[in-house]
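Read the figures in this text as sums done on the coordinates, not as results from a lab. From a predicted model like this one, the values you see are computed outputs, not experimental measurements. With ideal geometry, Cβ positions are generated from the backbone for all residues, glycine too; neighbour counts draw on all protein chains shown.
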Amino acid sequence: MLFTTPLVTLLAIVGSAIATPLVEVPEANVNHLEARVAADNMVQITSTTDYCMIVPRNKKTDIGDSEQPGGMKTYCSKPTSSLQGTFASNFWKKVTLKQGKGKNGKDYIQLTGCINTTTCDRLNPSDGGGQYDSSGGSGGKGNPQDSQCTGYASYVELIEPADNRACIRCCQDKADCPTNKDTQGCPAVIPGTYTGCD
Ligand SMILES: *[C@@H]1O[C@H](CO)[C@@H](O)[C@H](O)[C@H]1NC(C)=O
């Protein structure tokens, strides 16, 4: 009987240790979702020199024309898969990274700035531009469908080759990554730094 109390205490400690991982199941779900995303169907913002974006899969293609199944592909500054293309180190002529809290206090991260369109042979220099995202397209499944930003709930990306301009924002709150302004251009969709693109 003397051991009853310590044993109960021990069981309580073991019980709480077991309970902790169970509480974290939602996080495991997020990792599971990320693991399911194909390497050529994701975007990522780590820094101004470490990022992945969606571009047309075929050479010299307008963004709008690329928006069909199989027409898009992930390019990264530092690819981690042979399924991904490689951005030249001078793809961005000027780029600004910004992290902040959105409309409802949730995190977002973004890159905005000026690109050297001719460094990426997927782009058509005279293309007025277009948008990729994780929740637009038919059925709201994204363009490319099921594409995701690593670590975030949603993203929106615009490339405007004719204006030498691009922008991408990853958001925990969809409200901060609007997909309904796709014809208005980077400054309207993702307020940021765009000086000197011409
Ligand atoms: C743009 O990139 C091309 C190809 O790398 C290079 O020849 C050219 O000098 C660059 N232009 C600017 C303004 O950086």
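Panel note: the C-alpha atoms of the stretch 158-198, placed on their principal axes, show extents of 32, 18, 12 Å (largest first). Rounded to the nearest Hz, the phi-derived 3J(HN,Hα) couplings of the stretch 52-65 under the Karplus curve 6.51 cos²θ - 1.76 cosθ + 1.60 (θ = phi - 60°) are 10, 9, 7, 9, x, 6, 9, 4, 6, 10, 5, 3, x, 6, where x marks glycine and proline. For the stretch 43-189, evaluate the Debye formula with one uniform point scatterer on each Cα (no solvent term) and list log10 I(q)/I(0) at q = 0.15, 0.19, 0.22 Å⁻¹, rounded to two decimals. Log10 I(q)/I(0), no solvent term: -0.67, -1.15, -1.62. Choose one of G192, L97, G140: the residue whose Cα lies farthest towards the positive end of the charge dipole of the stretch 56-198 (beta-carbon charges +1 Lys, Arg; -1 Asp, Glu; about the Cα centre). Result: L97.
Pairs over the 30 Å Cα-Cα cut-off, from the set K60/K101; K59/K181; K59/K106; K59/K101; K93/K141; K60/K106: K60/K101; K59/K106; K59/K101; K93/K141; K60/K106. Computed about its Cα centre, the charge dipole of the stretch 43-189 is approximately 300 debye, with only Lys, Arg, Asp and Glu carrying charge at their Cβ. Taking 7 Å steps out from each Cα toward its Cβ at S138 and T150 produces label points 3.1 nm apart.
State the Kirkwood hydrodynamic radius of the stretch 62-106 in Å, one decimal place, computed from all pairs of distinct Cα atoms. Don't skip to the answer; put the middle values down first.
Working: mean 1/r = 0.0731 Å⁻¹.
Kirkwood radius, the stretch 62-106: 13.7 Å.
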